[in-house]
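What follows is calculated from the coordinates using simple rules that are stated; it is not laboratory data. This is a predicted model, so every value here is computed, not measured. Because the Cβ atoms are built from the backbone with ideal geometry, glycine has one as well, and the counts that use them run over all protein chains shown.
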Amino acid sequence: MSLYQLSKVLYVLNRDDAAKRLWQAEPASLLEGYDLTDEERTALLEHDIGLLYVLGVNGQILMHFAALCGIAWADYIRLMREGVEKYGPVRAGLYAMTTQFNERVAGV
Amino acid sequence: MSLVYCGVCSHAPGITSRAEMADPALRDPFYAALENQRQEIMATKPDALMIVAAEHFANFFMNNMPAYAVGMGESYTGPIEDPDWLKVPLRTAKGNPDLGRRLVAEMLETVDVAYAEEWQFDHGISVPLHFLDPNNELTIIPVNINCQGPPLTPLHRAWTFGEAIRRAADSVPERIALVCTGGISHWPATPDSGKINEAWDREFITRWEANDRAAMLSYTDAETYRDAGQGGFEIRTFITAAAAGGGKGDVQFFAPIPIFAVGCTVGRIEIA
């Protein structure tokens, strides 16, 4: 697991327009410079928000990645919940889920 | 000349990006409180607004994370988020490198702050500025406290940092307004988003309004994480404001607004 490298991809994507353009054109190329596991690489390429959340990506950069992928807020919340249901509890970091699977905290 | 205004406000991205999803009966009084804060700041005729944020990996990352950073740039752009997502228009805010340099030099007497001549504002600064400086008139000195990537600076250092800001503001001829933005309790950007520990918030507000240093510094990070979520680490910015102002606090608005993911807060602290 290389949560730091995975997070760094999202940090760079968040702040660098050239990285955003490369991501839109050739996403796999952007990831070549990072030491990622197959699971992490696949999660990014498939926009698997639930798995990225479970892997421990900080929500502050994950929500921006979700926005970049065109995912609306309610769907972002739902995808994280489904990720925990599918892959199990958050494995690292500070952003573990503390509410129930079916709890719609803010009505979404 | 001196510190002329000292206050706090919330900065959650939902405040703008999910405005239409909020109950107007809650949202509109909050916006009105921010407008009142804007008027209070403008009435002090500040030469610069220092805005202490708890940014979210827009500029500072775990490759080189400063506990404290101060901007010395000519200008700053933001929001770094898609403006259409945040619903805050892109702006280029004026900086003041010379003023920033003098403030940093004084702060360094007691706190080892990092400085940055480049800085992209994220919602932590862009959302407050959207309300407090809607016409992009003010000169901005951005400031950051790492509240995101542990290890985090201890609360007592956030207090010392506030004292350093006060000393620095008082040491320059310019009129300095200070707004510190952050929590209080929240679990942002997680499936828990919208969870707010109102009782914990109100207890923190009581301590903050009394400017009870010992009570504010008595929280451990483990307790804060348990009771106030990872967003609760942003109490550091409120503590910095309390130390900088030195007097009693006055929370002019507080209401949990779950779709904004935080107990929305606007307050000021007496400059004593």
- Message: Just to check I understand the Karplus step: with θ = phi - 60° and J = 6.51 cos²θ - 1.76 cosθ + 1.60, what whole-Hz values come out for the range B:54-70, glycine and proline as x?
- Response: 10, 5, 10, 6, 7, 10, 10, 9, 6, 6, 5, 9, x, 5, 9, 9, 9
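For an R0 of 25 angstrom, estimate the FRET efficiency from the Cβ-Cβ distance between B:Glu163 and B:Glu40 and round to the nearest 0.05.
Once the sixth-power term is evaluated, E becomes 0.65.
Defining a contact as two alpha carbons under 8 Å apart and six or more residues distant in sequence, what relative contact order in percent does the range B:152-228 show? Don't skip to the answer; put the middle values down first.
Numbers: 35 pairs, mean separation 20.1, N = 77.
Relative contact order here is 26 percent.
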- Item | Proxy reagent accessibility, fewest Cβ within 10 Å first, across B:Arg166, A:Arg78 | A:Arg78, B:Arg166
- Query: If amide H atoms are built 1.01 Å from N in the plane of the peptide, which residues on other chains or at least 5 residues away come under 5 Å of the amide H of B:Ile257?
  - Reply: B:Val262, B:Gly263, B:Cys264
- Query: Which is farthest toward the positive dipole end of the range B:1-128 among B:Ala58, B:Met72, B:Met42, measuring Cα position about the Cα centre, with Cβ charges +1 (Lys, Arg) and -1 (Asp, Glu)?
  - Reply: B:Met42
- Message: Is there a quick way to get the dipole size of chain B? I mean about its Cα centre, with the Cβ of Lys and Arg at +1 and of Asp and Glu at -1; what is the value in debye to the nearest 20?
- Response: 300 debye
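Could you list B:Ser171, A:Ser7, B:Ser2 in order of exposure, starting from the residue whose Cβ has the fewest other Cβ atoms within 10 Å?
Details: B:Ser171 16, A:Ser7 23, B:Ser2 13.
So the residues, fewest neighbours to most, are B:Ser2, B:Ser171, A:Ser7.
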- Message: Can you list residues from other chains, or at least 5 along the same chain, whose modelled amide H is less than 5 Å from the amide H of B:Gly246?
- Response: B:Ala272
- Note on the structure: Long-range alpha-carbon pairs in chain B, meaning those over 29 Å apart, account in percent for 22 percent
- If one takes the longest principal axis of the Cα atoms in chain A, at what angle in degrees, from 0 to 90 and to the nearest 10, does the Cα axis of helix A:59-68 lie? 70 degrees
- Note on the structure: Here the Cα Rg-to-2.2 N^0.38 Å ratio for the protein assembly as shown is 0.94
- Query: Quick one: B:His130, B:His186, A:His47, fewest Cβ neighbours within 10 Å first, how do they rank?
  - Reply: A:His47, B:His130, B:His186
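Using the Cα gyration tensor of the range B:114-173, with a ≥ b ≥ c the square roots of its eigenvalues, what is the shape: rounded (a/c below 1.5), prolate (a/b larger than b/c) or oblate (neither)?
Values: a/c = 2.04, a/b = 1.25, b/c = 1.63.
In terms of gyration-tensor shape, oblate.
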- Query: Counting only the backbone N, which residues of the range B:126-142 are under 13 Å from the spot 7 Å out from the Cα of B:Lys94 toward its beta-carbon?
  - Reply: B:135-141
- Note on the structure: Straight-line reach check, A:Lys8, cutoff 26 Å on alpha carbons, 8 or more apart in-chain or any other chain, hits among lysines -> A:Lys20, A:Lys86, B:Lys87
- Which FRET efficiency value, to the nearest 0.05, do you get for B:Ala222 and B:Leu108 by plugging their Cβ-Cβ distance into 1/(1 + (r/R0)^6) with R0 = 30 Å? 0.45
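Please give the charge dipole size of the range A:3-87, origin at the Cα centre, charges +1 on K and R Cβ atoms and -1 on D and E Cβ atoms. Round to the nearest 20 debye. Before the final figure, lay out each step's value.
Working: 8 positive and 13 negative charges, 63 e Å.
The dipole of the range A:3-87 has a size of about 300 debye.
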- Suppose every K and R has +1 on its Cβ and every D and E has -1 on its Cβ; what is the size of the dipole of the range B:32-132 about the Cα centre, in Debye to the nearest 20? 260 debye
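How high is the relative contact order of the range B:2-262, given as a whole-number percent (alpha carbon pairs under 8 Å, six or more residues apart)? Display every interim value, and only then the final one.
Working: 546 pairs, mean separation 80.3, N = 261.
After rounding, I find 31 percent.
What FRET efficiency comes out for the pair A:Asp75/B:Asp170, r = Cβ-Cβ distance, R0 = 51 Å, nearest 0.05? Could you put the intermediate results ahead of the total?
Values: r = 49 Å, r/R0 = 0.96.
Once the sixth-power term is evaluated, E becomes 0.55.
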- Message: Could you derive backbone 3J(HN,Hα) for the range A:36-48 from the dihedral phi with the Karplus parameters 6.51, -1.76 and 1.60 (θ = phi - 60°), listing whole Hz in sequence and x where the residue is Gly or Pro?
- Response: 10, 6, 4, 4, 5, 4, 5, 4, 5, 5, 9, 6, 7
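Wrap a convex hull around the Cα atoms of chain A, take a quarter of its surface area, and give that in square nanometres.
Details: hull surface 25.6 nm².
Mean projected area of the Cα convex hull: 6.4 nm².
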- Note on the structure: Listed residues A:Ala25, A:Ala92, A:Ala66; largest mean-square fluctuation, Gaussian network over chain A with Cα springs below 10 Å, found at A:Ala25
